[in-house]
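A quick write-up on the structure given underneath.
The values are calculated or read from the model by the stated rules, or taken from the named source; none is laboratory data. Remember, predicted model here, so these are calculated numbers, not experimental data. Methodologically, a virtual Cβ is constructed for each residue, glycine included, from the backbone with ideal geometry; neighbour enumeration extends over all protein chains shown. Accessible surface is based on the protein model in full, side chains and every heavy atom, while ligands, DNA and RNA are left aside. Shrake-Rupley method; radii C 1.70, N 1.55, O 1.52, S 1.80 Å.
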Amino acid sequence: INKLIKTNFLFNFLFSTFMYKLLKPTFVIFFLLWVYEAHAQIKQGPLMTEWSAQVDPDHPLPEYPRPQLARTAWMNLNGTWQYQPANPNDLLPTGNLSGKIIVPFPVESALSGVMEYHDRLWYKRTFTTPAAWAGKNIWLHFGAVDWESEVFINGISVGTHQGGYDPFSFDITPYLTTGTQTIVVRVYDPTDKAGQPRGKQTTHPEGIWYTPATGIWQTVWLEPVSSVAISQVAIVPDIDKSQVQVTVSATGTTANTQATVVVKDGANVVATLSGTPGTLITLPVNQAKLWSPTSPFLYDVIVSLTESGTSTDSVTSYFGMRKIHMTKVGRFPRILLNNQVIYQYGPLDQGYWPDGIYTAPTDEALKWDLQKTKELGFNMTRKHIKVEPARWYYWADKLGLLVWQDMPSGFSNGDRSTAEKQHHIEEMKAMIKQLKNHPSIVMWIVFNEGWGQFETSRVAQIALDADPTRLVSGASGWVDAEIGHIIDSHSYPAPSMPSNPNRAAVNGEFGGVALNLPGHVWPGNGGGYITVGSTAEVTKHFSQFSEDIFNYSFSGLCASVYTQLTDVENETNGLVTYDRKINKVDVATVRASVEKCLQAATLNYEFLPILPTADMAGQIWRYSITKPGDNWFSPSYDDSNWKNGLAGFGTIGTPGSTVRTNWNTADIWLRKSFSLGNLSEEALKNIRLKIHHDETCQVYINGILAFEEDGWTSNYRIASLTEAARTSLKINSLNTISIHCHQENGGQYIDAGFSTLVTPGTVIDLLITGMEKLELDSLPAIYPNPSTGLLHLKNAQRHATFEIITCEGKIIQKGQVNGDQIDVSNTRKGTYLLRLSDSHGMTTKVIILQ
């Protein structure tokens with residue numbers, strides 16, 4: 001009967017009528033008021049997850065919400081509250097509100113029972129504190145309220161808060177009376193009418209912008225504490241010194257207050273130490289068990305307070321012994337976890353739910369997303385412009401996932417106002433403060449793709465100062481400001497690799513392959529950057545992209561983020577449907593592709609160019625914009641009537657291009673002869689194609705199809721050759737590469753070259769020519785190599801010129817050969833390309849300076 005009363009209005013009516021005939025009218029009135037007061041109903045949304053049926057409207061999300069600072073005595077205030085829309089000049093309501101809402105689900109969500117948007121709201125409920133709490137101070141906690149809130153207890157305002165993503169608390173003890181207490185919460189959320197941080201929320205959802213999440217959207221709860229109580233515990237592990245630093249913050253302290261910290265490994269006590277609240281308490285952690293994605297070990301912590309020897313408060317927490325930093329390893333900046341190079345690969349995780357919007361239906365659902373990420377083989381996830389409830393990070397800590405944490409973006413119609421900028425900074429600082437203890441979080445991302453971006457250097461420095469133990473990315477994609485540990489590129493659909501000699505290169509977004517599965521799609525036009533028709537096609541694209549990432553990793557790429565874990569409203573480019581019911585890829589295949597990329601960090605290889613592309617040093621190609629004969633890609637084809645042009649070919653302004661020869665027609669055909677010199681068997685086996693095509697292209701080597709791809713790239717990528725084409729390559733002899741590129745719309749570009757994987761320090765002699773056939777012995781040899789001061793040349797012509805080029809394509813030294821030597825004594829040690837030109841042609845050699 002109770003279940004029917006909650007869910008069936010007709011039953012309520014019939015049952016009430018029956019009771020009216022049997023019982024006194026006063027009891028019937030009481031009964032109807034009880035039904036009205038106690039129960040709200042979940043609504044049916046456009047799409048629901050399987051967990052929505054497990055939500056108890058009277059007791060949703062019953063788990064303790066703050067595992068990093070947990071107390072045993074508490075009261076969960078989630079459940080049915082009264083609510084009603086508000087106006088700017090409303091007085092504090094004193095009677096019942098007009099509707100019911102299930103807290104903590106946003107008012108727009110099906111799980112809230114409302115499914116309406118209002119920028120202003122009133123919330124109301126009553127509670128009674130347990131008798132056992134007598135004499136205690138009562139703290140009222142809110143996990144998060146979007147965006148501005150004011151809290152009233154028994155008609156008196158106890159405080160306001162601005163910020164949609166951070167928790168806040170009030171000591172409500174002075175405002176309590178005898179018996180039943182009343183809470184009223186006023187909410188104002190301008191969403192896209194102002195420039196406060198809001199992520200992807202909009203009042204007009206479409207494309208990549210989603211339904212708002214207004215009001216209370218995380219757990220509300222009460223705790224009884226003593227007058228001397230713990231307010232915060234900050235934990236900083238140091239694996240290099242085998243210690244952990246703990247700072248206990250507390251209220252009501254005196255000179256006689258002591259904080260005691262106990263570190264435990266299961267039932268075993270690792271260390272115990274006492275100190276003064278507010279000061280560092282440093283505890284040894286000998287033979288530490290390190291936290292990592294493959295071994296997410298967590299130490300337990302018990303923190304207690306005493307006042308003149310009497311216990312006043314105690315909380316439990318935990319930490320992981322782990323270190324994250326960036327440093328140069330060989331030629332490239334690399335990211336290290338626990339002092340070991342690690343490649344990070346993970347999905348973009350936006351944390352949206354079709355039934356709960358910002359709030360997962362249950363704790364099991366919250367955990368499921370992270371478990372699915374691990375199941376797919378990933379070791380990292382990027383939490384995209386949203387901050388999750390504390391339990392999400394708890395599960396990331398427990399399961400072992402590295403987390404990149406975005407600061408939610410803010411927007412306004414013009415430049416952000418001074419107040420809006422300050423909101424961004426203050427909310428970012430609050431985000432860092434509340435999440436600093438979680439070992440899973442390894443990077444803070446200050447801005448995303450220029451959205452509401454301002455004064456990047458200043459704001460990023462604030463993040464660096466707030467947490468020197470983690471990596472900071474000043475901007476993920478688009479507008480870089482040369483600050484922080486990270487240089488980040490976004491590219492769709494294929495991955496890309498940025499380059500910076502002092503910062504770790506990551507590909508912060510790529511992918512976006514859409515698959516619409518009827519019955520599992522949000523109403524509207526689902527899509528992505530490319531749309532396919534089957535799970536097999538999504539899997540194939542993912543595998544191809546992962547092969548690119550594997551190759552990029554040897555050129556310095558440290559991490560990559562695939563868009564995205566799940567579909568979100570009108571974006572259907574997830575690895576899983578929005579309702580979390582269907583995998584849109586073959587899990588085993590994806591996992592194998594991911595694991596191959598993760599293993600790249602353990603391989604002692606690096607890419608060296610053997611036919612440089614235009615971003616490094618433009619090569620001369622034969623080209624034609626008139627359709628040639630059918631045999632145009634054959635090595636024996638006569639291209640003597642084609643033009644000569646310097647790569648790359650295209651139109652100025654095409655993203656990622658280095659245009660040296662204009663090409664603005666629909667098609668272009670390219671040919672070039674090249675020699676691999678005396679390439680080793682291993683280097684020959686590891687040859688890859690480096691290519692930037694806009695748009696569709698086919699590449700042939702010695703007349704055999706080596707690479708074919710539709711669409712366009714936004715930068716150079718490294719791709720594998722077909723096995724038949726790779727085995728056709730000949731050492732110490734001329735080979736032919738032939739390319740056709742077709743343009744449909746927008747910018748256009750084509751350029752290609754070759755690189756090979758070698759062990760660091762390998763020396764390769766290369767001969768790069770135009771189309772004319774040259775004798776291999778006609779160009780000078782270079783020795784000694786490695787060199788410490790002077791490079792000597794054998795058979796060099798008097799007027800030969802040289803260029804020394806970094807492996808990133810920057811010319812750092814050039815001039816005319818002085819007799820038979822080149823002075824490199826002032827050039828920093830490392831690996832370079834040396835390009836020599838004389839009347840015989842051009843030769844390029846890899847040189848090592850040490």
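Among the listed pairs K124/K367; K386/K581; K193/K436, give every one whose C-alpha distance is greater than 26 Å.
Pairs exceeding 26 Å: K124/K367; K193/K436.
Shape verdict for the stretch 468-509, please, from the Cα gyration tensor: rounded (a/c under 1.5), prolate (a/b greater than b/c) or oblate.
Prolate shape, in that a/c is at least 1.5 and a/b is the bigger ratio.
Can you tell me the FRET efficiency between V479 and D415 if r is taken as the Cβ-Cβ distance and R0 is 22 Å, rounded to the nearest 0.05?
My answer for the efficiency is 0.95.
If you work out semi-axes √(5λ) of the Cα gyration tensor in Å from the coordinates, which of (i) 39, 37, 26; (ii) 60, 32, 21; (iii) 49, 31, 30 do you get?
The value computed from this structure is option (ii).
In deg cm²/dmol and to the nearest 500, what is the mean residue ellipticity at 222 nm of the chain if only DSSP H runs of at least 4 residues count, each as -39500 (n - 2.57), divided by the residue total?
Result for the chain, helices only: -4500 deg cm²/dmol.
Evaluate E = 1/(1 + (r/R0)^6) for S311 and I208, where r is the Cβ-Cβ distance and R0 equals 51 Å; express this FRET efficiency to the nearest 0.05.
0.45
Just how much of W122 is accessible, in Å², when a 1.4 Å probe is used and the result is rounded to the nearest 10?
Looks like 10 Å² after rounding.
Would you please classify the overall shape of the stretch 295-388 from the alpha carbon gyration tensor, given that a ≥ b ≥ c denote the square roots of the eigenvalues, rounded means a/c under 1.5, and beyond that prolate means a/b larger than b/c while oblate covers the rest?
Since a/c reaches 1.5 but b/c is at least a/b, the shape of the stretch 295-388 is classed as oblate.
Going by alpha carbons, how many degrees (0 to 90, nearest 10) lie between the helix axis of 9-22 and the longest principal axis of the chain?
10
Which value, in Å², gives the accessible area per residue of the chain when a 1.4 Å probe is used on the protein heavy atoms?
With the other protein chains kept in place, the chain gives 39 Å² per residue.
Counting pairs of alpha carbon atoms under 8 Å apart in space and at least six apart in sequence, what relative contact order in percent does the chain give?
8
Can you give me the % of accessible surface on the chain that is carbon or sulfur? Probe 1.4 Å, all protein chains present, nothing else counted.
The computed percentage sits at 51.
If Lys and Arg each add +1 and Asp and Glu each add -1, what is the summed charge of the other residues whose beta carbon sits under 9 Å from the beta carbon of M48?
Net charge in that neighbourhood comes out at -3.
Angle, helix 25-38 long axis vs. longest principal axis of the chain, Cα atoms, 0 to 90°, nearest 10?
20
Pull out the extension gain between W74 and K540, defined as 0.36 nm times the separation in residues minus the alpha carbon to alpha carbon distance; nm, one decimal.
162.7 nm
Rounded to the nearest 10 Å², what accessible area does T359 show when all protein chains are kept and the probe is 1.4 Å?
Number for this one is 10 Å².
What's the FRET efficiency of E595 with F297 using the Cβ-Cβ distance as r and R₀ = 35 Å, to the nearest 0.05?
Using R0 = 35 Å, I get an efficiency of 0.95.
Once you sort the root eigenvalues of the Cα gyration tensor of the stretch 358-423 as a ≥ b ≥ c, which label holds: rounded (a/c under 1.5), prolate (a/b larger than b/c) or oblate (the other case)?
The shape class here is prolate.
How charged is the neighbourhood of P760? Take every other residue with its Cβ under 14 Å from the Cβ of P760, and add Lys/Arg as +1 and Asp/Glu as -1.
Net charge around P760: +2.
Could you tally the net charge around F633, taking each other residue with its Cβ under 11 Å from the Cβ of F633, Lys/Arg +1 and Asp/Glu -1?
So the surrounding residues net to -1.
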